[in-house]
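Working notes, structure below.
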Amino acid sequence: QVQLVESGGGLVQAGGFLRLSCAASGRTFSNRKVGWFRQAPGKEREFVAVLSVSDGATYYLDSVKGRFTISGDNAANMVYLQMKNLKPEDTADYYCAADPSPIVVKPPTPSNYRYWGQGTQVTVSS
């Protein structure tokens with residue numbers, strides 16, 4: 001019902017900048033929260049940021065606060081993750097996620113999100 005496609009990943013040096021994009025299609029009007037998760041090799045999928053579609057509230061992983069910004073463009077069915085001052089520990093596959101429930105569980109977990117993109121790779125070199 002909802003399809004998500006990420007783009008914008010790549011290789012950057014520590015301290016660099018990237019903006020990830022997520023294009024949504026299908027029954028996007030049903031989405032009430034959208035988020036970004038990441039998964040590094042050998043690790044579980046980790047919450048990064050979430051945006052409440054209804055009121056615009058945001059919530060971030062502590063380690064990315066002040067560096068990452070999640071935003072959305074409802075008319076364009078797009079969600080973005082701007083990442084500045086990137087660190088090697090940010091290296092991971094980044095996934096866009098969406099869910100029709102407006103409830104944001106803290107801390108967010110992957111099980112709270114119904115729809116997922118295929119991921120885009122971010123590599124930060126030191």
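I'm told Asp73 meets every condition in (1) open to solvent by 50 Å² or more (accessible area, probe 1.4 Å); (2) at pLDDT 95 or above; (3) within 14 Å of Ser21 (Cβ to Cβ) except one. Can you identify the failing condition by its number?
(2)
Looking at Leu86, Leu61, which is the one that is in contact with a Gly (Cβ under 9 Å, 6 or more places away or on another chain), within 27 Å of Gln13 (Cβ to Cβ) and either in contact (Cβ under 8 Å) with a residue 40 or more places away in the chain or surrounded by fewer than 20 Cβ atoms within 10 Å (Cβ to Cβ) (or both)?
Result: Leu86 is the single residue among Leu86, Leu61 that is in contact with a Gly (Cβ under 9 Å, 6 or more places away or on another chain), within 27 Å of Gln13 (Cβ to Cβ) and either in contact (Cβ under 8 Å) with a residue 40 or more places away in the chain or surrounded by fewer than 20 Cβ atoms within 10 Å (Cβ to Cβ) (or both).
Being hydrophobic (A, V, I, L, M, F, W, C) and open to solvent by 50 Å² or more (accessible area, probe 1.4 Å) is the filter here, so list the residues in segment 19-56 that pass it. Before the answer, list the steps.
Going residue by residue through segment 19-56, those that are hydrophobic (A, V, I, L, M, F, W, C) are 20, 22-24, 29, 34, 36-37, 40, 47-51, 53.
Correct list: Phe29, Val53.
Quick grid of which residues meet (1) at negative phi; (2) at pLDDT below 95; (3) part of a loop (DSSP other than H, G, I, E, B):
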position	(1), (2), (3)
Gly56	no, yes, yes
Tyr59	yes, no, no
Leu81	yes, no, no
Ala97	yes, no, no
Pro102	yes, yes, yes
Gln118	yes, no, yes
Val124	yes, no, no
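Starting from residues that are under 16 Å from Ser54 (Cα atoms) and not in a strand (DSSP E or B), keep the ones in segment 28-41 and report whichever is modelled with the lowest pLDDT.
Out of the qualifying residues, it is Phe29.
Testing Thr109 on (1) β-branched (Val, Ile, Thr); (2) within 30 Å of Ser126 (Cβ to Cβ); (3) more than 14 Å from the chain's Cα centre (by Cα), one condition comes back false. Which one is that?
That leaves (3) as the condition not met.
Against the definition (without any contact (Cβ under 8 Å) to a residue 12 or more places away in the chain, open to solvent by 20 Å² or more (accessible area, probe 1.4 Å), more than 13 Å from the chain's Cα centre (by Cα) and within 29 Å of Ser125 (Cα to Cα)), how does Gly66 come out, yes or no?
yes
Give segment 1-18 a look and list any residue that's touching a Gly at 6+ places or on another chain (Cβ under 8 Å), open to solvent by 20 Å² or more (accessible area, probe 1.4 Å) and part of a strand (DSSP E or B), or say none.
Answer for segment 1-18, where residues must be touching a Gly at 6+ places or on another chain (Cβ under 8 Å), open to solvent by 20 Å² or more (accessible area, probe 1.4 Å) and part of a strand (DSSP E or B): Gln3, Val5, Leu18.
Just checking, how many residues over segment 104-116 are part of a loop (DSSP other than H, G, I, E, B) and open to solvent by 40 Å² or more (accessible area, probe 1.4 Å)?
Final tally of qualifying residues: 6.
The values are calculated or read from the model by the stated rules, or taken from the named source; none is laboratory data. What you are looking at is a predicted structure, and each value in this text was computed from that prediction instead of being measured. Every residue, glycine as well, gets a Cβ built from its backbone with ideal geometry; the counts of neighbours run over all protein chains shown. The protein model used for the area step is the full one, side chains on, heavy atoms only, and it has no ligands, DNA or RNA in it. Shrake-Rupley method; radii C 1.70, N 1.55, O 1.52, S 1.80 Å.
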